[in-house]
Amino acid sequence: MTTRVHHAPTTQPHLLDNAAWAALTGPHSRFAERLGRAARYPADVAPFTALDDPADPRAWDDLARLVGPGAAVSVAGVPDGGVPDGWRTEHSIAGVQLADTSLYAEPAPEAVRLGPADVPEVLELIALTKPGPFLPRTVELGTYLGIRDHGRLIAMAGERLHPPGWTEISAVCTHPDRRGRGLATRLVRAVAAGIRERGETPFLHTAASNTDAIRLYESIGFTLRRTTRFLLVRAPDAAPQAA
């Protein structure tokens, strides 16, 4: 008699569990600075680094060689055990990831496409509202839309990480003097409309402490997918020797 052995199916990690790596090895590969199991965006595009497997010490060794001794870098998806020996956690923020499940997306006729010429004004709005990191070339990552009032940029939102089949909505912000008019919601719907036209699904991140934003996103059709931590870590003072 033959005995059949039933193996439990292995659960493959979801692309969004390691969104930066999926983006840098996929649609955003043109931006990638990569060494083995580690990659990062150029310093003037985005502050994010990524690891093929954050639980693999070899990936951390590659990241240390990529960024250089003592460099401070942003990384997400680190296992509960923390960073490997030699690395130091400088700052840790609890975050959440939400994905579109029932968002009503529609264009915003009053929104304008933002480009390199708009970056100085964009950086002023970012500095005032602090929605997250935005650098001189971040606008190259995808479509960024803004709303102007008498020529002045008062609200914006756009696309950041781009794993295959997904696009992150980011830099959602409104000038403090113009809040309460639904501008951020209109821009999120408009950016999502462009993402949907490509056959992709919007997702986003925010700090777990930003409960007002989480409530807003859930009210318009995003669903909490996972919790995570955003870390600022410092590389070892001496890069590991290549294998």
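The values are calculated or read from the model by the stated rules, or taken from the named source; none is laboratory data. Note that the structure is predicted; figures quoted are calculated from it, not measured. Here the Cβ positions follow ideal geometry from the backbone for every residue, glycine too, while neighbour counts run over all protein chains shown. In case anyone asks, the SASA skips ligands and DNA or RNA and just uses the protein heavy atoms, side chains included. Shrake-Rupley method; radii C 1.70, N 1.55, O 1.52, S 1.80 Å.
A compact table of results
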| read-out | value |
| --- | --- |
| Filter pass, E168 being touching a residue at least 12 places away in the same chain (Cβ under 8 Å), charged (D, E, K, R) and open to solvent by 50 Å² or more (accessible area, probe 1.4 Å) | no |
| Criterion violated by V73 - all others in (1) at pLDDT 95 or above; (2) open to solvent by 60 Å² or more (accessible area, probe 1.4 Å); (3) not in a helix (DSSP H, G or I) satisfied | (2) |
| Residue match in region 72-79 (condition: out of contact with any strand residue (DSSP E or B) (no Cβ under 9 Å at 6 or more places or on another chain), of a type outside the set (S, T, Y) and under 15 Å from N18 (Cα atoms)) | yes |
| Residue in region 95-114 that is open to solvent by less than 20 Å² (accessible area, probe 1.4 Å), free of Cβ contacts under 8 Å to residues at least 60 places away in the same chain and either in contact with a strand residue (DSSP E or B) (Cβ under 8 Å, 6 or more places away or on another chain) or not in a strand (DSSP E or B) (or both) present | yes |
| Pair list, Cβ under 7 Å, 6 or more apart: region 70-86 residue more than 25 Å from V45 (Cα to Cα), other residue modelled with pLDDT of 85 or more and open to solvent by less than 30 Å² (accessible area, probe 1.4 Å) | P79/P54; P84/W60; G86/P236 |
